[in-house]
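K.L.:
Take this structure first; my questions come after.
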Amino acid sequence: MKELVEAVRAHGIGIGTDIVKVDMFLNHRMDTELYVKIGQAFAAEFAQKKPDLVLTVEASGIAGALTTAIACGNIPVVFAKKSRTRNVTGDVYESRVFSFTHGVENHIRVAKQYLPEGSKVLIVDDFLANGEAAEGLCELCRQAGAEVIGIGVCVEKSFQPGHQKLVDAGYHVHALAKVLGIEDGKLIVED
Ligand code: 5GP
């Protein structure tokens, strides 16, 4: 998506060899016009598969999930909640996700009533790195008997293995901007 690629080029910062900081428009300050276009781009890619809901994980996935759900015709957004405690009540689906940016393991949970069996689910997140978050969300869908119709990510770090892992597992993955590498703090972004 041209506008997102341009924003990553103009404002994205590389930290070390593997962290991409896009606080200017995606993760801290949110460019609302850009987020609306992100939703439209995901809808253009996935809406023909008729998702029943958009699934993401709090907190940074929610904005893109919301604009996507609106662009898909005002379908619901369900966001998995993070918790470090093992608080299984029987009313939730739960999986474990290792957080790339925080270096901790989170338990992500969704109340069973919000992820109905047989529903078609579009997963949306802000970043794809090692694929942990997306795999954790897919696992919640597997537990629910819901179908993952696609995975949309705003920014993919193509030098990390998440994309390939998800494609190898049979998922339709679509990234709107791809960072190919980081050199001296500068991002190498695919055209
Ligand atoms: P993964 O689970 O694919 O390893 O990492 C994706 C998740 O970690 C996303 O939900 C995102 O919030 C966070 N993340 C991973 N890498 C980055 C990064 O370079 N920058 C930012 N801002 N978030 C990241």
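K.L.:
Relative contact order (percent) for region 44-123, with alpha-carbon contacts under 8 angstrom and 6 or more residues of separation?
P.N.:
On the way: 121 pairs, mean separation 28.2, N = 80.
Normalised by residue count, the contact order of region 44-123 is 35 percent.
K.L.:
Over the chain, what relative contact order in percent results from Cα pairs under 8 Å that are six or more residues apart?
P.N.:
22 percent
K.L.:
How large is the helix-only mean residue ellipticity at 222 nm for the chain, computed as the sum of -39500 (n - 2.57) over DSSP H runs with n ≥ 4, divided by its residue count, in deg cm²/dmol to the nearest 500?
P.N.:
Computed ellipticity for the chain at 222 nm equals -8500 deg cm²/dmol.
K.L.:
With a 10 Å cut-off between alpha carbons and a GNM built on the chain, which of Arg96, Arg142, Arg29 moves the most?
P.N.:
Checking each option, the largest mean-square fluctuation is seen for Arg29.
K.L.:
Students often check this: by mean Cβ neighbours within 10 Å, which of 145-153, 68-76 ranks highest, and how do the rest follow? Don't skip to the end; give the middle numbers.
P.N.:
Details: 145-153: 21.4, 68-76: 17.4.
Descending packing order for the listed peptides: 145-153, 68-76.
K.L.:
Same structure again: Quickly rank 166-177, 54-65 as a protection proxy: mean count of other C-beta atoms within 10 Å, highest first.
P.N.:
Put in order of decreasing packing, that is 54-65, 166-177.
K.L.:
Please report, as a whole percent, how much of the solvent-accessible surface of region 1-101 comes from carbon and sulfur atoms (probe radius 1.4 Å).
P.N.:
Working: 2960 of 5530 Å².
Here it works out to 53 percent.
The values are calculated or read from the model by the stated rules, or taken from the named source; none is laboratory data. Computed from a predicted structure; not experimentally measured. No Cβ is skipped: glycine too gets one built from the backbone with ideal geometry, and neighbour counts run over all protein chains shown. The area values use the complete protein model at the heavy-atom level, side chains included, leaving out ligands, DNA and RNA. Shrake-Rupley method; radii C 1.70, N 1.55, O 1.52, S 1.80 Å.
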